[in-house]
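Asker: A single structure is presented below for examination.
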Amino acid sequence: MKITPEIIDKHGIKPDEYKKIIKLIGKNPNLLELGIFSAMWNEHCSYKSSKKYLKTLPIKNDKVIQGPGENAGIVDIEDNDAIVFKIESHNHPSFIEPYQGAATGVGGILRDVFTMGARPIATLNSIHFGSHLHSKTKNLLNGVVLGIGGYGNCMGIPTIGGEVKFNSSYNENILVNAMAVGLVKKNKIFYSKAKGINQPVIYVGSKTGRDGIHGASMASNKFDNNSEQKKPTVQVGDPFTEKLLLEACLELMKDNSIISIQDMGAAGLTSSSVEMASKGNLGIELELEKVPCREENMTPYEIMLSESQERMLLILNSGKENQAKKIFSKWGLDFSIIGKTTNSKNLILNYNGNEVANLPLSSLSKDAPEYDRKWIKSTNSKKTENPKNFKSLKISTCLEKILKSPNNSEKSWVWEQYDHTVMGDTVQKPGGDSGVIRIHGKNKGIALTVDSSANYCLADPVTGAKQVVCETWRNLISVGSKPLAITNCLNFGNPEKDKIMGQFVETIDGISQACTYLDFPVVSGNVSFYNETKNNSIPPTPTIGGVGLIKNLNNMMTKNFKEPENHIFVIGKTLGHLYQSEFFREIMNFNNGPPPKVNLFNEKNNGLLILDLISKKLVSSVHDISSGGMLIALSEMCISGKIGAKIRIPNNIIGKHEYLFGEDQSRYIVEISEKNKKEAIKILEKNSVYYEVIGKTQKDYLDLEKEFKINISELSKFNSIWFKNYFEENYGS
């Protein structure tokens, strides 16, 4: 087939990139070779617009075993145990086909984890949808939730945390970010770097079909009116096969058979073979007719670019093939020797005795384009005139409306569709600040959370990015864990636009500042660009997944108020910042102004102080103050603990609405008993941490002095009613 400009464009290759390809390989590529470049040079695989800035992120500390560059990041949690974790996006596929898009997103991230020798022990997710009134939202939400639950539940892995958000800017570009976490012994970690010449290359797992062809390329393009026609590029998952693949791989990993192992994820056999060989500075030669196919007459092009699920590529030590084959046959999986490593430093593909592609591996990896795209600084939102007359609004009415709103409602409708207790080690289920998983057979655990803050980031990407890292930090602190590291999924619009690229650059700056100061490195992640349709982009949405260590689960904390007559402290200063708050958004329909400032010294100092109070058993419950401010956080503690509170508003505040609903950072609410009050205050004052004692816990009612008195059951009803109503047939009409 003659390679025309139209074919080049259809493969997502720019004219100048095509010229570079010819220069690198010394010839005009054939269609298969062009397809391989399309897969390896697209944004999803090459990070050509982002890697310049990703290199600036802090990626090391004394707990990091493996940072970015592998299938997943790894941190040390002592006792020869390590945690493997990563977050990835499956945004475009989930919009086109919500069930399979979300399901295969979960399947792909799980393979990234067990590829490294870890048994997956938990998943989390961050999912963003358009306006709840948009015609597509209900179906997309339902399909995505079913897909996440359907895959994870069948795998027998608990889903222990996440977030669900709604905003009209996601009407045509939903976000489905999936995080997976696994446990591995430090001396049994596996990597993807190939080693040795003439070592067998093995294909294992499911057969290859025509599903998912050009899936990675599709994920690197903006949507248009023809998105429905892209359904064939969405992969189809089979969690039962993935469970078999997981067990077979972990069984094989018990001895020294495996040299390297790589998931066939985005770009399938192409990316896995190229990445393994190029990391080892070797060549690789494949016989494509030996690839197990489930459809007849598949071409080399289709075989190399298929993104069929539940497949792995292995390089074994020579002589270990028969024993490995017995294991995979026992689990009912395909096992085929499809090639070997070479010293050519080329990717050579043969089909029925004919060479059909021959490309220098460097041209597909290290010589891939790296762009220094133009960008402009975001116009930081200046303080604007406040909406009028909000000070006259009844506090109780505002509280009720916020608790009933889609973004602040209780999300049990979602997480009750996931299995969060399977495996028997879930210590803290969804609904708290972080999920907590016990390290099996031990009295230590890990805390896990995911967070995002698109509104803050749209208003000011640097400050917003710092805030979302700090929110993750606070959520881990609040359950009594020491924060270790993060993974990130960076969701943005078209990087070829100066404004969008500027949002990305500034977001990286904010993440870097916060992670550096907090000693909270980035060990893995994903960039998802081109989240836009018809020139309408999503807001910058960095999703941060965090991992923390609880050395003694007896010290684990929850946000539930524990008993009446305990003192309620607010740790950190309340200044009453209402710009970009849920109060202004939900009550006043006002979205202007800057996000709250982030003081990294206060974040670190206050967080470590909270950990100290927890370790000394001086606090009964902890909850960070974030979206909605102090009154929403208090309400959540009352609802989850089924215990009320009697609160007084200090006289010297800027205003009661600002005090109760302001979203100032670095703050926590803690419950402290009478017997521990004096010692707690002594520690707070010794560390120069600002605090207020705002009231006491009590039975049955949330009582705000001179404002309202609401029964906790009524408060809970306000908070849980939205999802129940949403799926009533006539909701919103």
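Asker: Take the solvent-accessible surface of the protein heavy atoms, probe 1.4 Å, and return the percent of it on the chain that carbon and sulfur atoms account for.
Answerer: 48 percent
Asker: Rank by packing, highest mean first: peptides 131-144, 569-582, with packing defined as the count of other Cβ atoms within 10 Å averaged across residues.
Answerer: 569-582, 131-144
Asker: Report the FRET efficiency, 1/(1 + (r/R0)^6), for N591 and S135, where r is their Cβ-Cβ distance and R0 is 30 Å, rounded to 0.05.
Answerer: Efficiency, rounded to the nearest 0.05: 0.85.
Asker: So how far apart, in nm, are the two label points at S392 and I683 if each is 7 Å from Cα heading toward Cβ?
Answerer: The modelled label-to-label distance comes out at 4.7 nm.
Asker: How big is the charge dipole of the chain about its Cα centre, in debye rounded to the nearest 20, if each Lys and Arg gets +1 on its Cβ and each Asp and Glu gets -1 on its Cβ?
Answerer: In debye, rounded to 20, the chain gives about 1360.
Asker: Pull out a ≥ b ≥ c, the square roots of the eigenvalues of the alpha-carbon gyration tensor of region 130-217, then state rounded if a/c is under 1.5, prolate if not and a/b is larger than b/c, and oblate in the remaining case.
Answerer: prolate
Asker: Of the listed peptides 17-26, 99-108, what is their order by residue-averaged count of other C-beta atoms within 10 Å, with the highest listed first?
Answerer: Averaged packing, sorted descending, gives the order 99-108, 17-26.
Asker: Stretch S329-K442 to full length: gain in nm at 0.36 nm per residue minus the Cα-Cα span?
Answerer: 37.3 nm
Asker: Quick one: length gained pulling K377 to E714 fully straight, 0.36 nm per residue minus the C-alpha distance?
Answerer: Between K377 and E714, full extension yields an extra 116.7 nm.
Asker: Where a ≥ b ≥ c are the square roots of the eigenvalues of the C-alpha gyration tensor, would you call region 535-665 rounded, which needs a/c under 1.5, or, failing that, prolate if a/b is larger than b/c, or oblate?
Answerer: Oblate shape, in that a/c is at least 1.5 and b/c is the bigger or equal ratio.
Asker: Which loop-located chymotrypsin sites (Phe, Trp or Tyr not before Pro) does region 697-727 contain, where loop means any DSSP state but H, G, I, E or B and the Cβ has at most 16 other Cβ atoms within 10 Å?
Answerer: Of the chymotrypsin sites (Phe, Trp or Tyr not before Pro), the ones in loops of region 697-727 whose Cβ has at most 16 other Cβ atoms within 10 Å are F727.
Asker: I'd like the distance between the alpha-carbon centres of region 293-320 and region 464-524, rounded to an integer number of Å.
Answerer: 36 Å
Asker: First select every other residue whose beta carbon is under 10 angstrom from the beta carbon of N80; then total the charges, Lys and Arg +1, Asp and Glu -1.
Answerer: For residues surrounding N80, the net value is -1.
Asker: Still on this structure: In nm, give the distance between the simple-model label positions of I649 and D700, each being 7 Å from the Cα along the Cα-to-Cβ direction.
Answerer: 2.5 nm
Asker: What is the sum of charges around N676, taking Lys and Arg as +1, Asp and Glu as -1, for the other residues whose C-beta is under 11 Å from the C-beta of N676?
Answerer: Neighbour charge sum, excluding N676 itself: +3.
Asker: Would you please name the GluC sites (Glu not before Pro) within region 348-395 that are DSSP coil residues with at most 16 other C-beta atoms within 10 Å of their C-beta?
Answerer: Sparse-neighbourhood loop GluC sites (Glu not before Pro): E370, E385.
Asker: Moving to a separate point now. Highest first, please rank the peptides 320-329, 272-281, 32-41 by the mean number of other Cβ atoms sitting within 10 Å of their residues.
Answerer: 32-41, 272-281, 320-329
Asker: If you don't mind, another one. Rounded to the nearest 10 Å², what accessible area does R119 have for a 1.4 Å probe in the complete protein model?
Answerer: In the full protein context, R119 sits at about 90 Å².
Asker: Length gain on complete extension for the stretch I7 to K642, per 0.36 nm per residue less the alpha carbon to alpha carbon distance?
Answerer: My answer for the length gained is 222.3 nm.
Asker: Place a point 7 Å from the Cα of K186 along the Cα-to-Cβ direction; which residues of region 542-581 have their backbone N under 19 Å from it?
Answerer: Correct set: 547-552.
Asker: Which label marks the calculated value of semi-axes √(5λ) of the Cα gyration tensor in Å, given the options (i) 50, 27, 26; (ii) 49, 32, 25; (iii) 46, 27, 22?
Answerer: Answer by label: (iii).
Asker: Give me the angle, in degrees from 0 to 90, between the Cα long axis of helix 498-518 and the longest principal axis of the Cα atoms of the chain, rounded to the nearest 10.
Answerer: Around 70 degrees separate the two axes.
Asker: Moving on. Cα axis of helix 712-726 to longest principal axis of the chain: angle in degrees, 0 to 90, nearest 10?
Answerer: Tilt relative to the chain: about 30 degrees.
Asker: Now, a different point. Is region 435-546 rounded, prolate or oblate when judged by the Cα gyration tensor, a ≥ b ≥ c being the square roots of its eigenvalues, rounded requiring a/c under 1.5 and prolate requiring a/b larger than b/c?
Answerer: prolate
Asker: Using only Cα atoms, find the angle between the long axis of helix 674-686 and the longest principal axis of the chain, and express it within 0 to 90 degrees, rounded to the nearest 10.
Answerer: Taking the Cα atoms of the chain, the angle to 674-686 is about 70 degrees.
Asker: May I pose another question? When Lys and Arg each count +1 and Asp and Glu each count -1, what net charge do the other residues less than 11 Å away from Y301, Cβ to Cβ, add up to?
Answerer: Charge balance in the 11 Å sphere: -1.
The values are calculated or read from the model by the stated rules, or taken from the named source; none is laboratory data. This structure is a prediction, so every number in the text was calculated from the model and none was measured. Note: ideal-geometry Cβ built from the backbone for every residue, glycine included; neighbour counts use all protein chains shown. Keep in mind that these areas ignore ligands, DNA and RNA; they rest on the heavy atoms of the full protein, side chains included. Shrake-Rupley method; radii C 1.70, N 1.55, O 1.52, S 1.80 Å.
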